[in-house]
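Heads up: the structure comes next, in structure tokens.
The values are calculated or read from the model by the stated rules, or taken from the named source; none is laboratory data. Quick caveat, the model's predicted, so the values are computed rather than measured. Cβ placement follows ideal geometry from the backbone for every residue including glycine, while neighbour counts extend to all protein chains displayed. Quick note on the areas: whole protein, heavy atoms, side chains included, nothing else; ligands and nucleic acids left out. Shrake-Rupley method; radii C 1.70, N 1.55, O 1.52, S 1.80 Å.
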Amino acid sequence: MIKILLFCLFLFVNLNASFKDGAFIFKNKCSSCHGDFIEINTLKENFFEKKNKLLNLKAPTVNMLAYAIMDSPKKVGDPEDVEMRTLEIESYLKSYLEKPDRFNSICDEHILQFYDIKKSVSGLSNEDYTNLAIFFMEYKNNSVQTSKNKELLSNDETTILKKAQKENKQIIVYASSKTCYFCKKMDKEVLSLAEIKNKIDENYIYMKVDVDETKLPFELQKVYKEITPTFFILSKDGTYIKQYPGSWTKSDFLEILKENLK
């Protein structure tokens, strides 16, 4: 029994090390073309509504690559056979990076038209390809976007609740993103206005969350429709009341603030 546990621990440590090695390789060999994480809702808006004019991406982001390899209709390998899948992803990465071919791409065909022609990558060892494969396979479980700031969020919730109850105010949580065009529009045209700020300060405890970096507090992730901007209204004890997805004019937002007051 002890031998089995030690063996499992050995596998875990080596898998984790391979992920870190793969992340290092990606950063040093791939990140000059492939950008950092961008929230899926923003990517959809960029490609399907703005025809790539919002972000002007020339290559898929790291989370787009991980999705294409692991979860897309063209995903590589059998999800039920992890060991064989690692080998298949490793083989695919090697063949594609050394001899890029659009016809062998697993990216969405609609999105593929916006990318530059891929240049070949050289200088990677077989071990590098293995680590890259594990990096993409473990990306969702290890990426900063899914794991960071858990302790910070807990502290923020406690602080917000104490303040809301002390001041007898409801809570408004603003789900935003640095890459969201409509968030920037709201920030500039509505939320920056003195009248709006005064109304929020008068009746609400305000909390802005960048969903690309931090999970939403108060278990709002369960009801979140992955649209930025979204404004959540909560009671002073943190109970979810209602959400308002999308960008709003000054008059509409004032109405939202007014209609949720008790």
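Over the residues of the chain, the helix contribution to mean residue ellipticity at 222 nm works out to -14000 deg cm²/dmol, using -39500 (n - 2.57) for each DSSP H run of at least 4. Of the solvent-accessible surface of region 165-255, computed with a 1.4 Å probe over protein heavy atoms with every protein chain present, carbon and sulfur atoms account for 50 percent. Peptide packing: for 220-232, 59-71, the average count of neighbouring Cβ atoms within 10 Å per residue gives the ranking 59-71, 220-232, highest mean first. Remark: region 176-262 carries a charge dipole of roughly 60 debye about the Cα centre, counting +1 on each Lys and Arg Cβ and -1 on each Asp and Glu Cβ.
In the chain, what percentage of the DSSP-assigned beta bridges are antiparallel, given to the nearest 5?
60 percent
Distances between placed amide hydrogens fall under 5 Å for residue 212 paired with 178, all partners being 5 or more residues away or on another chain. For region 26-137, the solvent-accessible area with a 1.4 angstrom probe is 58 square angstrom per residue. For region 19-140, the carbon plus sulfur part of the accessible surface works out to 53%, probe radius 1.4 Å.
On full extension, the segment bounded by residue 78 and residue 141 gains 20.8 nm, given 0.36 nm per residue less the C-alpha separation. Computed over Cα pairs, the Kirkwood radius of region 180-260 leads via Stokes-Einstein (1.002 mPa s, 20 °C) to a diffusion coefficient of 161 µm² per second. The slack in the chain from residue 110 to residue 124, taken as 0.36 nm per residue of separation less the alpha-carbon distance, amounts to 2.1 nm. Under DSSP H, which helices of the chain have Cα atoms covering 30 Å or more of the helix axis and a Kyte-Doolittle average no less than 0.5? Result, helices passing both filters: 2-25.
Working ranking of peptides 162-172, 203-213 by packing, defined as the average number of other Cβ atoms within 10 Å per residue, highest first, is 203-213, 162-172. When the charge dipole of region 152-221 is built from unit charges on Cβ atoms (+1 for Lys and Arg, -1 for Asp and Glu) and taken about the Cα centre, the candidate among 220, 198, 158 whose Cα reaches farthest toward its positive end is 198.
Beyond a 26 Å Cα-Cα separation, which of these cross-linked pairs lie in this structure: 75/118; 51/225; 50/222; 51/208; 44/258; 184/236? Table pairs above 26 Å Cα-Cα are 50/222; 51/208; 44/258; 184/236. Given R₀ = 51 Å, FRET efficiency for residue 163-residue 31 by Cβ-Cβ distance, to 0.05? Working from the Cβ atoms, E equals 0.80.
The structure-derived value of Rg/Rh (Cα atoms, Kirkwood Rh) appears in the list [x] 1.00; [y] 1.06; [z] 0.95 under the label [y]. In terms of its C-alpha gyration tensor, region 78-227 comes out prolate, because a/c is 1.5 or above and the ratio a/b outweighs b/c.
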